[in-house]
Amino acid sequence: MIYAVAVFAPLLGSVIAGFLGRVIGDRASQIVTVSLMVLAAICGDVSFASVAWGNAHTGVVPVFDWISVGDLHIAWALRFDTLSVVMVAMVTTISTLIHLYSVGYMSHDSSIPRFFSYLSFFTFAMLMLVTANNLAQLFFGWEGVGVASYLLIGFWYQKPSACAAAIKAFVVNRVGDLFFAVGIALMFFLFKSIEFDNVFGNIQAHMNATYHIFGQDFRSYEVIGTLLFLGAMGKSAQIFLHTWLPDAMEGPTPVSALIHAATMVTAGVFLMSRMSPLMEFAPHALQLVTFIGATTALFAATIGCVQNDIKRIIAYSTCSQLGYMFLAAGVGAYQASMFHLITHAFFKALLFLGAGSVIHAMSDEQDIRKMGGLFKKIPFTGTVMWIGSLALAGIPFFAGYYSKDAILEAAYAAHTGLGTYGFVCGVVAAFLTAFYSWRLLILTFHGTPRADKHTMDHVHESPFVMTFPLGVLATGAVLVGLLFHTMFIGDARDAFWGAAIFNGPTNHIMATLEDRSMIIGLLPTLVGVAGIFLAYVMYVLVPGMPRALATTFRPIYLFLLNKWYFDELYNAIFVKPAFAIGRFLWKTGDATIVDGVPNGLASLTSYGSSRLVKLQTGSLATYAFTMLIGLVALISIFLWVR
């Protein structure tokens with residue numbers, strides 16, 4: 001019962017605020033949605049505690065029968081195991097803090113009930129995803145967060161840029177979702193079921209099954225695993241399907257925190273862990289996961305180094321950290337992947353909401369080049385941003401230190417070519433992460449103010465309703481790694497995760513983490529400190545260096561500033577041809593042919609009738625003469641035919 005309340009309470013809040021918001025008003029809508037989210041968080045945390053420390057029996061909470069068509073029978077049920085409970089506790093906790101923060105941040109908006117309804121609906125969809133007991137229910141939640149993200153990113157629909165960003169997120173995600181849907185269909189044809197227990201219980205029975213594709217035979221598990229990962233790439237913004245994520249910053253800052261910290265973008269990582277019993281027998285698919293994850297971690301970190309919008313820097317940081325999570329899953333360290341997902345939720349939500357506090361203080365300014373010297377004005381926000389950045393950079397003993405180090409150690413311990421590639425990419429990305437994090441901190445909070453005097457005079461700390469969530473998240477960014485690393489990735493991991501995560505018979509990656517050399521364990525911290533030092537040198541000791549480097553290496557600088565030109569490339573390959581085809585079908589196919597033929601016949605009829613009507617002159621002499629001509633013509637034809 002408690003578990004069901006955690007899942008469905010946000011839905012009730014969304015319905016009340018969405019349908020009755022105009023009747024009950026702004027304040028009542030906030031109270032209802034926030035109160036129900038607090039209830040959901042309490043129930044979610046209690047459920048987590050019952051599994052983590054109470055030895056609660058895992059299983060399934062039935063809701064109702066959903067679909068029964070032929071061989072397809074699907075019941076709507078809530079899966080209650082460690083993987084689901086961890087996600088429910090995290091999602092409800094982070095979402096509750098974001099709801100509370102939004103009370104202050106969105107206080108002057110004209111559509112408060114609609115915003116809180118969307119937030120709660122998004123949370124419910126994510127909860128349906130992580131508690132799904134079958135792939136159809138998971139896909140329902142998967143598409144639900146897609147719809148909710150479209151609504152939230154385009155919340156300020158009067159801005160063309162927000163509408164464009166919402167459409168872009170929706171379309172790019174549909175690309176990945178197509179692969180995901182095909183993967184689900186193939187899984188049903190193979191297992192005759194998409195219930196997790198039925199699928200996982202019959203893995204061994206279909207070990208040698210193949211699909212004949214493009215004239216070649218491919219193992220079924222490799223095909224399905226690859227398709228599932230391609231779906232995860234879209235939702236989790238991995239390279240090639242990442243372009244929607246930075247544009248999603250057009251939504252309100254609480255939306256950025258909700259989408260990019262704990263919920264939507266982590267859905268793909270969760271999917272890899274949930275499907276670990278199948279992925280473990282798809283080694284080539286896991287190699288693809290490793291390569292894409294490692295490449296994304298490095299790729300996004302390089303872009304974050306030169307961005308100037310405070311939210312976009314943090315957005316690319318999210319993209320990079322998601323790459324770390326997929327890197328861990330690719331080498332079989334699903335536990336480390338999930339651990340980083342949890343720690344990342346706290347420090348990344350903290351950074352986004354901290355950025356929102358900065359934007360709130362700076363009268364909606366987001367360019368860090370126009371900030372500086374804010375620490376004296378907003379010391380609490382500055383302090384929590386420091387804490388979030390320390391956790392992100394993996395500095396001991398903040399949350400990110402435990403999870404990021406475990407991922408890099410797992411990549412090294414894989415002792416494969418792709419594992420080594422992932423380790424190198426991860427170490428370089430760790431250096432760049434520390435660099436751009438301190439670039440953001442220095443340019444925003446330290447040095448000489450670069451904003452005008454009027455703006456600086458109005459800089460003030462956010463209200464308590466915004467700073468309280470920041471304090472809670474900062475506490476999590478400090479303590480979550482320390483408190484849970486033994487349970488998630490340490491000696492207690494097997495007892496904690498149980499059957500929720502599967503490691504194959506040859507996968508001993510987690511057991512080998514403790515056998516690493518000292519230098520491997522210290523390297524992520526060393527490069528993190530080096531990145532911080534470089535940022536200090538470039539933006540404090542030698543402040544002219546960044547401009548000089550940008551001028552000297554201008555092609556590289558522009559390449560990174562323009563995000564590796566992915567948007568321009570996709571615009572040339574996909575967008576412009578699609579518009580050209582659409583324009584041709586519109587003007588030639590629709591306007592000329594489809595509309596042209598009937599319109600032409602109608603015009604011909606109209607033209608003919610306009611000419612014939614002129615024969616109706618009203619003159620009897622004309623009519624008599626016409627009849628005489630007709631009679632003569634008729635007689636002539638009759639005589640000629642005879």
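The values are calculated or read from the model by the stated rules, or taken from the named source; none is laboratory data. Here the structure is a predicted model, which is why all the values come from computation and not from measurement. Because the Cβ atoms are built from the backbone with ideal geometry, glycine has one as well, and the counts that use them run over all protein chains shown. Accessible surface areas use protein heavy atoms only, side chains included; no ligands, DNA or RNA. Shrake-Rupley method; radii C 1.70, N 1.55, O 1.52, S 1.80 Å.
Per-structure values
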{"quantity": "With 10 Å bins from 0: P(r) over the stretch 365-405, alpha-carbon pairs, percent", "calculated": "28, 39, 27, 6"}
{"quantity": "Length gained when the stretch D515-F584 is fully extended (0.36 nm per residue, less Cα-Cα span)", "calculated": "18.5 nm"}
{"quantity": "Residues with amide H under 5 Å from that of W66, placed H, sequence gap 5 or more", "calculated": "I74, A75, W76"}
{"quantity": "Globularity ratio of the chain, using Cα Rg and 2.2 N^0.38 Å", "calculated": "1.19"}
{"quantity": "Rotationally averaged projected area of the stretch 13-80 (alpha carbon convex hull; nm²)", "calculated": "6.7"}
{"quantity": "Whole-number D in µm²/s for the stretch 257-352 (Stokes-Einstein; Kirkwood sum over Cα pairs; 37 °C, 0.692 mPa s)", "calculated": "246"}
{"quantity": "Exposure of Y3 as accessible area (Å², to 10), given a probe of 1.4 Å and all protein chains", "calculated": "10"}
{"quantity": "The stretch 505-642: translational diffusion in µm²/s, Stokes-Einstein, Kirkwood Rh over Cα pairs, 37 °C, 0.692 mPa s", "calculated": "127"}
{"quantity": "Cα gyration tensor shape for the stretch 156-307, rounded if a/c is under 1.5, else prolate or oblate", "calculated": "prolate"}
{"quantity": "Partner lysines for K370 [C-alpha distance under 26 Å; skip if fewer than 8 residues away on the same chain]", "calculated": "K159, K311, K348, K453, K563"}
{"quantity": "Electrostatic dipole magnitude of the chain [Cβ: Lys, Arg +1; Asp, Glu -1; Cα centre; debye, to 20]", "calculated": "1880"}
{"quantity": "Cα-based radius of gyration of the stretch 207-297 once divided by 2.2 N^0.38 Å, which approximates compact folds", "calculated": "1.26"}
{"quantity": "Principal-axis tilt of helix 518-536 within the chain, Cα atoms, nearest 10 degrees", "calculated": "70"}
{"quantity": "A185-F64 pseudo-label distance in nm [points 7 Å out on the Cα-to-Cβ vector]", "calculated": "2.8"}
{"quantity": "Value of relative contact order over the stretch 385-527, rounded to a whole percent, pairs C-alpha under 8 Å and six or more apart", "calculated": "41"}
{"quantity": "Calculated [θ] (222 nm, deg cm²/dmol) that DSSP helices of n ≥ 4 give over the chain, each run adding -39,500 (n - 2.57)", "calculated": "-22500 deg cm²/dmol"}
{"quantity": "Sequence-separation-based contact order of the stretch 163-287, relative, with Cα cut under 8 Å and 6+ spacing, percent", "calculated": "32"}
{"quantity": "Rh (Kirkwood; distinct C-alpha pairs) - the stretch 470-538, Å", "calculated": "15.2"}
{"quantity": "Gained length - I203 relative to L558, 0.36 nm times residue gap less alpha-carbon distance", "calculated": "122.9 nm"}
{"quantity": "Cα shape, the stretch 42-199, gyration tensor, a/c 1.5 rule", "calculated": "oblate"}
{"quantity": "Taking only Cα atoms of the stretch 298-349, radius of gyration then Dmax in Å", "calculated": "11.8, 36"}
{"quantity": "Net charge of Cβ neighbours under 14 Å - reference L258; Lys, Arg +1; Asp, Glu -1", "calculated": "+2"}
{"quantity": "Whole-number D in µm²/s for the stretch 568-638 (Stokes-Einstein; Kirkwood sum over Cα pairs; 20 °C, 1.002 mPa s)", "calculated": "126"}
{"quantity": "Over the stretch 93-179, volume per residue of the alpha carbon convex hull, in Å³", "calculated": "87"}
{"quantity": "Karplus-derived HN-Hα couplings along the stretch 45-54 (A = 6.51, B = -1.76, C = 1.60, θ = phi - 60°), whole Hz, x at Gly and Pro", "calculated": "5, 5, 4, 4, 5, 5, 8, 6, 10, x"}
{"quantity": "Estimated distance in nm for a label pair at D567 and H73, the labels positioned 7 Å out from Cα along Cα-to-Cβ", "calculated": "5.1"}
{"quantity": "Residue-span extension gain [H108 to T475] - 0.36 nm each, minus C-alpha spacing", "calculated": "129.3 nm"}
{"quantity": "Under 13 Å from the Cα of K576 - aspartates and glutamates, other chains or at least 8 residues apart", "calculated": "D567, E568"}
{"quantity": "Distance (nanometres) between label positions extended 7 Å along Cα→Cβ at T617 and C163", "calculated": "5.8"}
{"quantity": "Length-normalised contact order for the chain - Cα pairs under 8 Å, 6+ apart - percent", "calculated": "12"}
{"quantity": "³J(HN,Hα), Karplus 6.51/-1.76/1.60, whole Hz, each residue of the stretch 219-235, x for Gly, Pro", "calculated": "4, 4, 5, 5, 5, 5, x, 5, 5, 4, 5, 4, x, 5, 4, x, 5"}
{"quantity": "Size of the stretch 361-496 as Cα extents on the principal axes (Å, biggest first)", "calculated": "57, 31, 20"}
{"quantity": "Computed magnitude of the charge dipole of the stretch 85-223 (debye, nearest 20; Cβ of K, R +1, Cβ of D, E -1)", "calculated": "340"}
{"quantity": "More than 24 Å apart - percent of Cα-Cα pairs taken over the stretch 112-226", "calculated": "41"}
